[in-house]
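The values are calculated or read from the model by the stated rules, or taken from the named source; none is laboratory data. If you're wondering where the values come from, they're calculated on a predicted model, not measured in any experiment. All Cβ positions, glycine included, derive from the backbone under ideal geometry; neighbour counts span all protein chains shown. Keep in mind that these areas ignore ligands, DNA and RNA; they rest on the heavy atoms of the full protein, side chains included. Shrake-Rupley method; radii C 1.70, N 1.55, O 1.52, S 1.80 Å.
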Amino acid sequence: MIHPPVTAPRVSRRGLLGGAAAVSAALLTGCGPGQDPATTSSGQPQRGGRLRVAFAGGGVNETLDPHLANLFNEASRAKAMFDKLADYGPDVSIQPRLAERWEPSGDLTRWRITLRQATFHDGRPVRSADVLYSYTRITDPKRAFRAKASLGLLDLPNSRAVDDRTLEFALKQPFAEFPNALAAFGAYIVPEGADSFERPVGSGPFTFDSWQPGRSLLLKRYDGYWEGAAHLDELEYLISNEESARVNALLAGQVDYAHDITPTTARTHADGGRMTVTRMPNSTMQSFAMKVDRPPFDNRDLREAMFLLTDRQQLVDTVLAGSGQVGNDLFGKGYQYYADDIAQRTRDLDRARFLIDKAGAKGLRIPLDTASVASGFVEAASVFAEQAKQAGLVIETAMGNKDTYWKDILNSGVLASYRSGAMPIETHISQRLLTNSTTNATRWARPEFDTLYAKAISSADEATRRQAYGDMQRTLHAEGGFLIWGFADFLVATAPRVGGVSSDAPANTLDWARFDKVWLG
């Protein structure tokens with residue numbers, strides 16, 4: 001997201017909220033009382049005020065349906081209004097949320113969940129029936145919700161509510177890592193029967209107040225939140241697709257928090273005293289997605305050539321300005337089950353040229369879809385095109401529609417800029433690399449790979465799971481469609497008076513873009 005899927009693009013000077021003239025008008029009208037950008041945070045939590053946060057948005061495709069949340073701003077808004085049964089900690093371990101605890105049966109086919117005492121914004125308690133309804137909605141075969149693949153092992157007809165705060169999930173097969181599914185991106189709990197989200201009712205720390213699609217969302221503190229009321233009175237989301245516009249709005253005192261800024265911006269303003277930069281290491285996978293089900297990347301030799309012609313360090317140094325580390329064409333560096341025994345791939349132009357010739361692809365023109373939807377996409381595409389040229393390929397950058405980019409690249413094109421926030425390796429595989437995965441941007445479909453995944457998740461033996469995940473990663477490293485060149489630090493900027501922004505929260509984890517713990521000085 002997180003899609004979002006989750007280093008700033010150099011883009012046109014379109015302003016915040018659809019035009020430069022709209023920036024001041026739209027943002028200044030959102031200013032709450034007593035908000036003086038010159039005020040600095042005391043360092044101690046304080047109650048009150050309206051926090052104004054600027055994110056890139058999805059235009060007409062934005063939604064408040066938490067089960068459809070895909071972009072970073074949608075994910076942050078969903079966690080502000082809703083809860084999941086579990087979520088990812090700073091190290092992507094699974095942390096209980098609405099689920100107070102869970103316990104598997106001996107054969108891993110049934111899991112008993114105990115809910116904590118929590119209420120929805122309308123005062124109704126969160127019940128087992130709400131959880132069963134939410135998961136039934138997510139797994140509806142006629143719909144395409146983000147967490148559908150992660151919850152696909154649920155046998156919902158044979159699951160049951162033991163009582164209002166206890167439920168028992170039946171699974172279609174043993175699943176040793178079922179808590180990962182509870183924390184899946186988009187697996188939010190909604191009230192039983194909810195299917196319209198123009199005025200959402202959740203159990204999160206903020207309640208819905210008003211929404212202008214593609215422009216702004218205003219939320220208010222929910223005093224009945226199970227984890228304790230937020231410090232803020234109000235939280236306002238504002239849309240700004242350009243990093244420069246987000247930063248300028250912050251410097252002008254029109255917003256208090258600018259999501260996703262570049263290392264260059266951070267360096268420029270490091271000593272100016274006008275913003276505070278929070279760095280979240282190892283947050284986002286930076287990559288290019290090759291579609292392996294169609295020419296030219298249905299040719300394994302050409303995919304290997306793409307891996308080998310890439311100068312990863314140059315991309316990290318130039319696109320990320322050194323704020324990151326090189327990747328090895330595998331997701332989840334540093335996470336549980338990451339195959340760190342696979343040697344780091346290095347550039348080998350001679351071998352790349354040989355494979356390109358073998359594939360009959362010398363001089364081939366390949367369109368690379370990109371857009372200014374995420375930091376660094378445009379720069380990375382440009383640098384990569386120059387690297388490919390040295391190996392005999394012609395990469396032609398094609399600028400996509402910022403509002404529809406993520407939907408467009410899912411099925412269309414052959415090569416696209418791509419990134420992802422943090423999640424367990426098992427979740428990355430289930431959501432993006434299985435034959436039935438709903439966000440399979442590389443169109444990877446291998447029955448033997450699906451079988452290995454099934455073996456991993458059905459074993460109670462950790463060593464067996466580790467071996468299976470290692471075998472899957474070795475296959476992906478050799479012939480997969482994700483060219484993962486780096487892992488970026490994630491940077492956000494705040495006004496000096498903002499406190500409580502976590503620096504230990506990779507993108508997509510619980511404390512990233514979480515505002516109930518933030519305060520205004």
Q. So which of ARG443, ARG432 is within 16 Å of the chain's Cα centre (by Cα), of a type in the set (Lys, Arg) and closer than 26 Å to SER287 by Cα?
A. ARG432
Q: Give me a count of the residues in the range 405-443 that are β-branched (Val, Ile, Thr) and either open to solvent by 30 Å² or more (accessible area, probe 1.4 Å) or in contact with a helix residue (DSSP H, G or I) (Cβ under 7 Å, 6 or more places away or on another chain) (or both).
A: 6
Q: Could you pull out the residue among TYR337, TYR257 that is at positive phi, of a type in the set (Phe, Trp, Tyr) and in contact with a helix residue (DSSP H, G or I) (Cβ under 8 Å, 6 or more places away or on another chain)?
A: TYR337
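Can you tell me how many residues within the range 161-190 are more than 30 Å from LEU71 (Cβ to Cβ) and either over 26 Å from the mean Cα position of the chain (by Cα) or β-branched (Val, Ile, Thr) (or both)?
Start the filter on the range 161-190 by keeping residues that are more than 30 Å from LEU71 (Cβ to Cβ), which leaves 161-168, 170-174, 176.
Next cut, either over 26 Å from the mean Cα position of the chain (by Cα) or β-branched (Val, Ile, Thr) (or both) only: 161-168, 170-174.
Total meeting the criteria: 13.
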Q. Does GLU74 satisfy the condition of being more than 27 Å from TRP519 (Cα to Cα) and of a type in the set (Asp, Glu)?
A. no
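Looking at LEU330, LEU320, LEU315 in this structure, which one is under 23 Å from ARG432 (Cα atoms), of a type in the set (A, V, I, L, M) and surrounded by 19 or more Cβ atoms within 10 Å (Cβ to Cβ)? Give the derivation first.
Numbers: LEU320 fails: under 23 Å from ARG432 (Cα atoms); LEU315 fails: under 23 Å from ARG432 (Cα atoms).
Going through LEU330, LEU320, LEU315 in turn, the sole match is LEU330.
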Q) Out of the residues in the range 475-512 that are β-branched (Val, Ile, Thr) and under 21 Å from SER323 (Cα atoms), which is most open to solvent (accessible area, probe 1.4 Å)? A) VAL501
**Q.** Test result for LEU250, buried (at least 24 other Cβ atoms within 10 Å of the Cβ), in contact with a Lys or Arg (Cβ under 7 Å, 6 or more places away or on another chain) and closer than 30 Å to LEU520 by Cβ
**A.** no
Q: Output the number of residues of the range 216-240 satisfying the condition of being over 17 Å from TYR257 (Cβ atoms) and either buried (at least 16 other Cβ atoms within 10 Å of the Cβ) or among the aliphatic types (A, V, I, L, M) (or both).
A: 5
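State yes or no: is ALA416 outside any loop (DSSP other than H, G, I, E, B) and closer than 24 Å to ASP317 by Cβ? Write out each step before concluding.
Details: outside any loop (DSSP other than H, G, I, E, B): yes; closer than 24 Å to ASP317 by Cβ: yes.
Here the answer is yes, as ALA416 does meet what is asked.
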Q. Looking at ALA454, ALA460, ALA468, ALA478, which is the one that is modelled with pLDDT under 95 and assigned to a helix (DSSP H, G or I)?
A. ALA454
**Q.** Those residues of the range 394-423 which are touching a strand residue (DSSP E or B) at 6+ places or on another chain (Cβ under 6 Å) and aliphatic (A, V, I, L, M), in sequence order
**A.** VAL394, ILE395, ALA398, ILE409, LEU415, ALA416
Q: Could you check how many residues of the range 474-521 are touching a Leu at 6+ places or on another chain (Cβ under 8 Å) and more than 30 Å from TRP444 (Cα to Cα)?
A: 11
Q | Pick from the range 380-404, criterion at pLDDT 95 or above and among the charged types (D, E, K, R), ranking: most open to solvent (accessible area, probe 1.4 Å) | A | LYS389
Q | Inter-residue pairs, beta-carbon under 8 Å, first in a helix (DSSP H, G or I) and at pLDDT 95 or above and in the range 294-316, second surrounded by fewer than 19 Cβ atoms within 10 Å (Cβ to Cβ) and acidic (Asp, Glu), 6+ apart | A | ARG300/GLU479; ARG303/GLU479; GLU304/GLU479; LEU308/ASP348
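Before we move on, is PHE297 open to solvent by less than 10 Å² (accessible area, probe 1.4 Å), of a type in the set (Phe, Trp, Tyr) and either over 18 Å from ARG419 (Cβ atoms) or over 26 Å from the mean Cα position of the chain (by Cα) (or both)? Spell out how you get there, then give the answer.
Details: open to solvent by less than 10 Å² (accessible area, probe 1.4 Å): yes; of a type in the set (Phe, Trp, Tyr): yes; either over 18 Å from ARG419 (Cβ atoms) or over 26 Å from the mean Cα position of the chain (by Cα) (or both): yes.
Spelling it out, PHE297 is indeed open to solvent by less than 10 Å² (accessible area, probe 1.4 Å), of a type in the set (Phe, Trp, Tyr) and either over 18 Å from ARG419 (Cβ atoms) or over 26 Å from the mean Cα position of the chain (by Cα) (or both).
Does ARG279 qualify as being among the charged types (D, E, K, R), assigned to a helix (DSSP H, G or I), at pLDDT below 95 and surrounded by fewer than 22 Cβ atoms within 10 Å (Cβ to Cβ)?
Working: among the charged types (D, E, K, R): yes; assigned to a helix (DSSP H, G or I): no; at pLDDT below 95: yes; surrounded by fewer than 22 Cβ atoms within 10 Å (Cβ to Cβ): yes.
Criteria not met by ARG279.
Please enumerate the residues belonging to the range 317-330 that are outside any loop (DSSP other than H, G, I, E, B) and among the charged types (D, E, K, R). Can you show your working first?
Step one: list which residues in the range 317-330 are outside any loop (DSSP other than H, G, I, E, B), which gives 317-319, 324-326.
ASP317, the sole residue that qualifies.
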